[in-house]
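The structure appears right after this line, and notes come after that.
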Amino acid sequence: MRKKYIICGLKVLCDFRYPIMNSRAEKYLCDFSGEADMVLDNDEEALESFKAKYPHLSMSECEVMNTTSRFYRRLIGFGGFMLHSSAVAVDGSAYLFSAPSGTGKSTHVQQWVKLFGAKAQIINDDKPAIIVREDGIFAAGTPWSGKSELNMNKIVPLKGICVLERSEVNRIAPLPKDEALFFIMNQTLRPSQPELMDRLLSLLDKTLLTVPVWKLGCNISTDAAKTAYEAMSGAVTA
């Protein structure tokens, strides 16, 4: 049965059928009026296809994969895109940390939680959306957060994006726009339709003109979070 959700500010109808997505999507439920912006009806044939490709996955996990790709492809047409990253908000600003799988983006964001306590909120621990609007660039939580349950129904102004790499010494520096674009293109969902790819490139260009991108070499410590926060926010921690 279809239910109504507000996700990334969009009215979404979806008939989630399995436990993972039903649970994660609860905080996005909203009895909106008027027509939906997006309808994500489950396709049993598509789910069975995922199951055939990945027999070790449950049908619930297949639903996560299927609806993830479908939502984020359609989101491009509404001025948003996914960045494989972990998003944390502090004092009303969002910071995204991206890296190839296994580098430690979630581990780094947990250091922000240790450093800032309840002031730090994890918006989405794996696949936050970046929303491009006339009034600014925003990070948004969605129920599609990879293997993690960590996501929030929030849209927060995006202060900075950071590319992580492991390092014994904590260091941070601005990343040139061409390098940032290359990295982000490899950490987002790239549509096959030419018109959507053109739209994505336009959204990326607007994002990179507005939001600073950094490269952080870090170890596992709250000092790494302090180094990142002070550079990206321009503030000094106590």
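Structure data summary
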{"read-out": "Which listed residue, of GLU165, GLU230, is surrounded by 13 or more Cβ atoms within 10 Å (Cβ to Cβ) and at pLDDT below 95", "value": "GLU165"}
{"read-out": "Options GLU48, GLU63, GLU35; residue that is farther than 17 Å from TRP144 by Cβ, among the charged types (D, E, K, R), in contact with a Lys or Arg (Cβ under 8 Å, 6 or more places away or on another chain) and outside the structural domain of PRO157 (by TED's automatic domain parsing)", "value": "GLU35"}
{"read-out": "Test: VAL132 is under 27 Å from ILE6 (Cα atoms) and in contact (Cβ under 8 Å) with a residue 12 or more places away in the chain", "value": "yes"}
{"read-out": "Which listed residue, of PHE16, PHE32, PHE50, PHE71, is of a type in the set (Phe, Trp, Tyr) and under 18 Å from the mean Cα position of the chain (by Cα)", "value": "PHE71"}
{"read-out": "Qualifying positions in region 66-87 - in contact with an Asp or Glu (Cβ under 9 Å, 6 or more places away or on another chain) and closer than 16 Å to SER148 by Cα", "value": "HIS84, SER85, SER86, ALA87"}
{"read-out": "From LYS114, LYS11, LYS27, residue being among the basic types (Lys, Arg), in a strand (DSSP E or B), at pLDDT 95 or above and at negative phi", "value": "LYS11"}
{"read-out": "Helices (runs of 4 or more DSSP H) within region 160-238 that include 2 or more residues without any contact (Cβ under 8 Å) to a residue 40 or more places away in the chain and assigned by TED's automatic domain parsing to the domain that holds VAL88", "value": "177-185, 194-210"}
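The values are calculated or read from the model by the stated rules, or taken from the named source; none is laboratory data. Please read all numbers here as calculations on a predicted model, not as lab measurements. A quick note on method: Cβ atoms are made from the backbone with ideal geometry, for glycine too, and the neighbour counts reach across all protein chains shown.
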